Every structure is written in C-alpha cells, then in structure tokens.
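Heads up, the thing below is written out as structure tokens.
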Amino acid sequence: MTGSLLEVIALTVRDAVAAEQGGADRLEVVADMAADGLTPSPETVAAIAAECPLPQMVMLRCDANFTADPDVLDRLRRDAKTLAQAGAAGFVFGFLDGAGVVDLVATEALIHAVSPLPWTFHRAVDHAADVQASWRAVRLLPNLATVLTSGSPAGVGKGLQVLRTRAEAGDGSIILAGGGLKPVHVPALLDYGIRAFHVGSAVRASWSDPVEWRLVRQWRALVERD
C-alpha cells in the first residue's frame, strides 16, 4: 500500500460528501449504527454514487450478530446483487458459527455472490473464540481487500498488542484498524506498519450528527505522518 488509506463510515449522502471533502479515500456505507452497522438501502447507495466519487464498501448484515443461517444468506445474496447495481464498489461481511469459529461455508457463499468485487471481513474476527485461528482462516479467503479489526472486542485501545502481533506475522497489509480508534493510537499503528484506518464516531459529534469534513481532514493529516 502506498501511503495510508482512510475509510470513513457514511450513513447518508451528506456524510459521503463531507468525507470526500475532508480527504477520505473510501467509504463504508451502513445503516443503523445502534446495531453497529447493518445493510443500507440501494437508494442510499445510488444517491451517494450520484454525488460522491469515493468507492463504497457496503455492509451486508441483517442484524447485530455475526451468524448467518441459510435464510439470512439468501437475503444477503439478493441484497448484494441490488447494491452492486446501485453503485457498491465492494462489500463488508464475515460470519462466525455458534462456537465462535469463522463460518467458512457462509462467508465463502457470500464471497462467490459478490465476486469479482472485493470485500472486507468485519470485526467478527475480534469476537472469535480463537483469534489466531480466525486470522489463519480469513487471510486465505479469495478477493479479500482488508480485515476491519480493533484487535479486541473492547476496541483498539485494548487490542494494540494483538494488532502488533498480526502485523509482525505478515498481516499488516490487510489490517484496517478501526473500532474505538483514537488519535493517540495512530503513531503506534504506523510503527507496526499498519497503513489503513477506519473512523466513524471520531469524525462526528455523535452518531445522530453528520460527518464533519474538518475532523476528516485532521485524521487525513494524522495518518499521513510519514
């Protein structure tokens, strides 16, 4: 990766335009942050595509957990097709089974459904029963762009050592650091060789408020230390 990648969560066209103005590289487009991000409507994706050129990584998630039964997968496959037609450049998803193991069957089914578009494995990896085993499974999956991870279910502040370990193991190029990410964490992450950053609440006053382009601009400068 040349330079650093800054991804901003967008729920609306206004968020997307502000993210672009502030210097973001791409968007994660979601709905309902009260549930930590669910699948947005095709209308939202299309409206953003009409006003903002940034690539949209679109969430595929029906509810606030990390499991997917056959009915959920069927719904997400249909959603993926509609959202791709609306302007999605890629998708965000990832599943665990009831034992906390990466659900390769469900995840690979959705990879095939969205192919050839890239995708991000989201923070389900932080909630796995065996984090090292989950990383071994995820990093071998096809068309993987990034893994959104904080290193801990409690956020980046608690997960820095895990992120360092993963970077030293060779996964730094696919780590998208996010989830409670604060400016104070960035110097260490850059030192680990991590160059992709994901922000949401950090660029707005609250989740009920829009993205502020000036805060995005501050993050842009912060992650470009080198």
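The values are calculated or read from the model by the stated rules, or taken from the named source; none is laboratory data. Small disclaimer: the values here were computed from a predicted structure and weren't measured. Counting neighbours? That spans all protein chains shown, and the Cβs are built from the backbone with ideal geometry, glycine included. Accessible surface areas use protein heavy atoms only, side chains included; no ligands, DNA or RNA. Shrake-Rupley method; radii C 1.70, N 1.55, O 1.52, S 1.80 Å.
For residue 147, are the conditions met, namely being in contact with a Phe, Trp or Tyr (Cβ under 6 Å, 6 or more places away or on another chain) and closer than 21 Å to residue 108 by Cα? Yes, satisfied. Residues being in contact (Cβ under 8 Å) with a residue 60 or more places away in the chain, surrounded by fewer than 23 Cβ atoms within 10 Å (Cβ to Cβ) and either within 17 Å of the chain's Cα centre (by Cα) or part of a strand (DSSP E or B) (or both) are represented in the stretch 10-18 by at least one member.
Within the set of pairs 6+ apart or on separate chains, which have a first residue in the stretch 206-221 that is touching a residue at least 24 places away in the same chain (Cβ under 8 Å), a second that is of a type in the set (D, E, K, R) and open to solvent by 60 Å² or more (accessible area, probe 1.4 Å), and C-beta atoms under 6 Å apart? Listed pairs, sorted by first residue: 210/14.
Considering only residues in the stretch 197-226 that are at pLDDT 95 or above and charged (D, E, K, R), the one that is most open to solvent (accessible area, probe 1.4 Å) turns out to be 214.
Checking each residue in the stretch 175-226 for being touching a His at 6+ places or on another chain (Cβ under 8 Å) and small (Gly, Ala, Ser) picks out 177, 178, 179. Which number in (1) surrounded by fewer than 20 Cβ atoms within 10 Å (Cβ to Cβ); (2) within 18 Å of residue 107 (Cβ to Cβ); (3) modelled with pLDDT of 95 or more marks the one condition that residue 55 misses? Of everything listed in (1) surrounded by fewer than 20 Cβ atoms within 10 Å (Cβ to Cβ); (2) within 18 Å of residue 107 (Cβ to Cβ); (3) modelled with pLDDT of 95 or more, residue 55 misses just condition (2).
Can you confirm whether residue 188 is modelled with pLDDT of 95 or more and among the hydrophobic types (A, V, I, L, M, F, W, C)? Yes. Per the conditions (1) out of contact with any Asp or Glu (no Cβ under 9 Å at 6 or more places or on another chain); (2) aliphatic (A, V, I, L, M); (3) open to solvent by 10 Å² or more (accessible area, probe 1.4 Å), the sole criterion not satisfied by residue 189 is (3). Taken over the stretch 169-185, residues that are touching a residue at least 24 places away in the same chain (Cβ under 8 Å) and over 21 Å from residue 145 (Cβ atoms) amount to 4.
Entry remark, the stretch 121-159: residues being open to solvent by 50 Å² or more (accessible area, probe 1.4 Å) and touching a residue at least 40 places away in the same chain (Cβ under 8 Å) number 2 in total. Inspect the stretch 43-51 for any residue being of a type in the set (Ser, Thr, Tyr), under 22 Å from residue 8 (Cα atoms) and either assigned to a strand (DSSP E or B) or without any contact (Cβ under 8 Å) to a residue 12 or more places away in the chain (or both) and give the result as yes or no. No: zero hits. Under 14 Å from the mean Cα position of the chain (by Cα) and open to solvent by 40 Å² or more (accessible area, probe 1.4 Å): does that describe residue 118? The answer is yes for residue 118.
Does residue 32 count as closer than 21 Å to residue 180 by Cα, of a type outside the set (Lys, Arg) and open to solvent by 70 Å² or more (accessible area, probe 1.4 Å)? For residue 32, the condition - closer than 21 Å to residue 180 by Cα, of a type outside the set (Lys, Arg) and open to solvent by 70 Å² or more (accessible area, probe 1.4 Å) - is met.
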